[in-house]
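First up is the structure itself, then whatever we jot down about it.
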Amino acid sequence: MNYRHLFHAGNFADVLKHGVLAILIEALKTKDKPFALLDTHAGRGRYDLMSDEAQRSPEFRGGIARLLAADPTRLASLKPYLDLVRRLNQDEPALRHYPGSPLIAQALMREGDRLLLVEKHPEEAAALRRAMGRDPRVHLHE
């Protein structure tokens with residue numbers, strides 16, 4: 001199956017998955033020891049919610065857009081995740097950029113932690129490589 005996540009980025013399932021990921025990373029950081037995360041279906045790392053693909057079925061409106069509009073006092077455990085989404089969009093007039101799991105992990109990890117990413121689709125892997133930059137904590141396998 002040729003699944004392209006860009007059509008579904010930021011939907012309610014992403015919000016659940018990415019919120020839990022951020023909470024788990026924050027919990028791992030309470031220990032002194034470094035950790036390693038493995039993402040076997042990494043995707044492109046960063047999604048443009050204004051792209052043609054995302055706009056065909058703008059599922060992000062019922063996911064991340066709805067969450068960002070909610071009362072922040074009720075979402076304290078999701079603050080690191082939501083702060084990252086807001087930072088990615090600080091120079092935009094509206095919600096445009098959405099972080100995938102690799103970008104969330106990269107943003108929340110410490111210096112000694114490691115991120116192992118696997119992406120099979122060549123276009124997605126190339127986009128992921130660009131999104132991750134030259135971070136020595138990140139190892140990408142295509």
Exercise for the section: Look at A131 and say whether it is part of a helix (DSSP H, G or I) and in contact with a Pro (Cβ under 9 Å, 6 or more places away or on another chain). Expected result: yes
Going through the range 48-83 in order, the residues found to be without any contact (Cβ under 8 Å) to a residue 40 or more places away in the chain, within 17 Å of A9 (Cα to Cα) and within 14 Å of the chain's Cα centre (by Cα) are L82
Picked from the range 33-47 (must be within 20 Å of P122 (Cβ to Cβ) and not in a loop (DSSP other than H, G, I, E, B)), the residue least open to solvent (accessible area, probe 1.4 Å) is Y47
Restricted to the range 77-96 and to residues being part of a helix (DSSP H, G or I) and open to solvent by less than 70 Å² (accessible area, probe 1.4 Å), the residue farthest from P58 (Cα to Cα) is P80
Those residues of the range 97-115 that are over 23 Å from F12 (Cβ atoms) and either open to solvent by less than 60 Å² (accessible area, probe 1.4 Å) or part of a loop (DSSP other than H, G, I, E, B) (or both) come to a total of 7
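Looking for something among the hydroxyl-bearing types (S, T, Y) and either on the phi > 0 side of the Ramachandran plot or crowded, with 17+ Cβ neighbours inside 10 Å (or both) - is there at least one such residue anywhere in the range 48-59?
no
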The lone condition H139 fails out of (1) open to solvent by less than 70 Å² (accessible area, probe 1.4 Å); (2) in contact with a strand residue (DSSP E or B) (Cβ under 9 Å, 6 or more places away or on another chain); (3) not hydrophobic (A, V, I, L, M, F, W, C) is (1)
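The values are calculated or read from the model by the stated rules, or taken from the named source; none is laboratory data. Quantities reported herein were computed from a predicted structural model and do not represent experimental measurements. So basically every Cβ, Gly included, is an ideal-geometry build from the backbone, and we count neighbours across all protein chains shown. Calculation scope for accessible area: heavy atoms of the full protein, side chains included, ligands and nucleic acids excluded. Shrake-Rupley method; radii C 1.70, N 1.55, O 1.52, S 1.80 Å.
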